[in-house]
1. If I ask for residues that are outside any helix (DSSP H, G or I) and farther than 18 Å from Thr101 by Cα, which ones from segment 282-316 would you list?
2. So which of Phe337, Phe364 is of a type in the set (Phe, Trp, Tyr), buried (at least 24 other Cβ atoms within 10 Å of the Cβ) and more than 17 Å from the chain's Cα centre (by Cα)?
3. If I filter segment 1-18 down to residues being among the acidic types (Asp, Glu) and closer than 15 Å to Arg84 by Cα, which single residue comes out as least open to solvent (accessible area, probe 1.4 Å)?
4. Just one of the numbered conditions (1) open to solvent by 10 Å² or more (accessible area, probe 1.4 Å); (2) touching a Lys or Arg at 6+ places or on another chain (Cβ under 6 Å) is not true of Glu281; which one?
5. Here is a list of conditions, (1) under 17 Å from Glu358 (Cβ atoms); (2) within 24 Å of the chain's Cα centre (by Cα); (3) of a type in the set (A, V, I, L, M, F, W, C), and Ala208 meets all of them except one; can you say which number that is?
6. For segment 452-466, state whether one or more residues are at pLDDT below 95, open to solvent by less than 10 Å² (accessible area, probe 1.4 Å), among the hydrophobic types (A, V, I, L, M, F, W, C) and within 24 Å of Met92 (Cα to Cα).
7. I'd like the full set of residues that are touching a Leu at 6+ places or on another chain (Cβ under 9 Å), of a type in the set (Val, Ile, Thr) and within 17 Å of Thr423 (Cβ to Cβ), limited to segment 304-337.
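The values are calculated or read from the model by the stated rules, or taken from the named source; none is laboratory data. Not measured: the values here are computed from a predicted model. Quick reminder, even Gly has a Cβ in these numbers, built from the backbone with ideal geometry, and neighbours come from all protein chains shown. Calculation scope for accessible area: heavy atoms of the full protein, side chains included, ligands and nucleic acids excluded. Shrake-Rupley method; radii C 1.70, N 1.55, O 1.52, S 1.80 Å.
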Amino acid sequence: MGAAERLADYFNFSDHDTDYRTETLAGITTFLAMAYIIVVNPAILSDAIVIEGYDQTEVFQMLAIVTILSSIVATAVMAFYAKRPFGLAPGMGLNAFFTYTVVIVLGVPWELALAAVFVEGIIFMALTAVGARKYIIELFPEPVKFAVGAGIGIFLLFLGLQELELVVPYVDPDGFPSGTLIELGNAIQSPVAALSVIGLGLTFFLYARGIKGSIIIGIVTTAIAGWAITLLGIVQPDVLTPEGAYDDVTNDGIVSMLTSVQYDFTPLFWGFVDGLSMIPEDPLVFLLVVFTFFFVDFFDTAGTLIGVSQFGGFLDEDGNLPEIEKPLMADAVGTTFGAMIGTSTVTTYIESSTGVEEGGRTGFTALVVGTFFLLALFTVPLMTAIPQYATYLALVVVGIIMLQGVADIDWNDPVWLISSGLTITIMPLTASIANGIAAGIISYPLIKTAVGDARDVSLGQWTLAVAFIAYFAVYFAIEAGTITF
């Protein structure tokens, strides 16, 4: 048996009716859909992380490197241990919470915040090893499990439409109060919206025709079109290309860009070490930060795994993901490692659904994602040249496809109707998977009681509902300034 056959056997290609071409295409699609994190994560974290002796450009580049490294490690665990087609990277939302709430608003040193993320990862590893995380996730009510996929779909769709400027904040021209927060973008005034409409039309056309790789074709074609229009002078630089990317490529040259990256991220590591030494100075603050990171990350990751797995047909008849502890261990390892080298919580990415849609079914898809992150390590400046709107085409397409999950919901049962409906709608409206899950979990026992089926609600499900209520009480108390550090 040759190396290719052994590798295919290791990833169980035959069991999943897949092949190298399909898995590779799926991995490339997932990577392109989530590659924005290489630039966005440093942009967010650099607002909080200031290192003496280094300017913010150097700090940004350090953070780009650790973003990639943490993604490689976590995705490698997903590929070889969990054997699932999911990509991992520092989580959006969690990085913003790290920067703007914990460090900037609450005044927690970034070094101590990294230590909190590290401890969170250690706790996750321990809970995963003993099966506690699997047990808690399996307590999720059925209406919530089967609604998560559709909720994530609308979430992706909304995120994509905003980045494509097809949905924009409503601005009343006369300054009067408005009954709406958003409106349809103007594709005549916005070059991004105009190009996005064409890119979406092409992608949907190819998808409807059953063309393999329709999503990746749409992404690449739209990106090339954006650059071509810029180079032809039809629009100004930085309109259809990322800020500064056009000037970097045309003025500095690609070779110069690739040789100017700050690869030494050891100052971030020593900052993490300093953070560990700060724990005894204020253990109560530290525990509160750990608790908040833990709670949000736990349910955000759980929701992503369940939602993408439902979309890929990986769930069993009870709505559970077999051997879920393995992909959970991947994000736990990634979070622990990522904190040590200088980044916020690592989690499974909802953009993995784009690769699943392209046919990714095994860990080889994740291996391809990790390989492209490795290649990105040597081409960090070039990654900044990829227009984000081009990659977000994938979110719109997959978001619409994921809506088919609503067919699994019993809309005639008031328990399913309310719990599922809240789960689906709260996710995009609050830009949080965890909030959507919370709405479903809190409402489930209440509605079960209302219809006279309180005995069907387990003690664990009641406990989850109460835990969410307690979490929100603490969170909003911090937001209101009732709890201060």
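1. Of the residues in segment 282-316, the ones outside any helix (DSSP H, G or I) are 282, 313-316.
Within segment 282-316, Gly313, Phe314, Leu315, Asp316 meet the criteria.
2. After applying the criteria, what remains is Phe364.
3. Step one: filter segment 1-18 for residues among the acidic types (Asp, Glu), giving 5, 9, 15, 17.
Okay, now just the ones that are also closer than 15 Å to Arg84 by Cα, so 9, 15, 17.
Working: Asp9: 98, Asp15: 121, Asp17: 139 Å².
So the residue we want is Asp9.
4. With respect to (1) open to solvent by 10 Å² or more (accessible area, probe 1.4 Å); (2) touching a Lys or Arg at 6+ places or on another chain (Cβ under 6 Å), Glu281 is out only on (2).
5. Only one criterion in (1) under 17 Å from Glu358 (Cβ atoms); (2) within 24 Å of the chain's Cα centre (by Cα); (3) of a type in the set (A, V, I, L, M, F, W, C) is unmet by Ala208, namely (2).
6. The answer is no, given that none of the residues of segment 452-466 is at pLDDT below 95, open to solvent by less than 10 Å² (accessible area, probe 1.4 Å), among the hydrophobic types (A, V, I, L, M, F, W, C) and within 24 Å of Met92 (Cα to Cα).
7. Ile306
For (1) in a helix (DSSP H, G or I); (2) in contact (Cβ under 8 Å) with a residue 24 or more places away in the chain; (3) among the acidic types (Asp, Glu), each residue gets a yes or a no:
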site: Val119; (1), (2), (3): yes, yes, no
site: Ile137; (1), (2), (3): yes, yes, no
site: Ala147; (1), (2), (3): yes, yes, no
site: Gly151; (1), (2), (3): yes, yes, no
site: Ile154; (1), (2), (3): yes, yes, no
site: Asp172; (1), (2), (3): no, no, yes
site: Glu183; (1), (2), (3): no, no, yes
site: Leu206; (1), (2), (3): yes, no, no
